[in-house]
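Values quoted throughout were computed directly from the atomic coordinates according to the rules given, and no laboratory measurement underlies them. Model, not experiment: these values are computed from the prediction. Counting neighbours? That spans all protein chains shown, and the Cβs are built from the backbone with ideal geometry, glycine included.
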Amino acid sequence: MKMFLMGSFGIVALASLGALGTWKIVGPPDRSITCSEDLLEAGQICLSEVQGWDNQSYLWVDARPRNIWKKNGVEGSILFNDDVNEDYLALEETFMFAASREGDPYQTIVIYCSEEGCKSSETIASVLREKFAEMMGFDVYVLHGGWKALADAGLVN
């Protein structure tokens, strides 16, 4: 038993040294969000494309919970989520007011959530497309990579 424990400890120690050496030589793993337009799902958009637009042509919509949006949402974004604790009609009214921008409506709505694959942003995008997009004349996109893409670009804290 003692030999088994000593052998196991030796293997773990060597593997740890190898991992530490690799970390020192190669560096930490790249966890940044990469976005390729030809690999996007329908209705998604890369942050690089959004950054090429005029800031006044689009509205950020945060589909995360209110407390997280208040903590580190994109400046100027509005909250619109599918949280059962929210007053949905109030969120809808706030969105309509913000999107209409006093008669000069935004051309594009970009929705983000906590991370890539967050279903809240897809849900909200569907609602906005079905209820408002045609009537108000805007396009709706979901940001590929979500909030993490924004954080990697230094657009949020």
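Observations
- When V110, V142, V156 are checked against the criterion of being under 12 Å from the mean Cα position of the chain (by Cα), crowded, with 17+ Cβ neighbours inside 10 Å, of a type in the set (V, I, T) and over 19 Å from L40 (Cβ atoms), a single residue qualifies: V156.
- Number of positions in region 73-98 that are small (G, A, S) and touching a Leu at 6+ places or on another chain (Cβ under 7 Å): 1
- Region 38-67, residues that are among the hydroxyl-bearing types (S, T, Y) and closer than 19 Å to E122 by Cα: Y58
- Of everything in region 68-90 that is among the hydrophobic types (A, V, I, L, M, F, W, C) and in contact with a helix residue (DSSP H, G or I) (Cβ under 9 Å, 6 or more places away or on another chain), the residue that is surrounded by the most Cβ atoms within 10 Å (Cβ to Cβ) is F80.
- Breaking point among (1) more than 16 Å from G73 (Cα to Cα); (2) among the hydroxyl-bearing types (S, T, Y); (3) in contact with an Asp or Glu (Cβ under 8 Å, 6 or more places away or on another chain), for Y141: (3)
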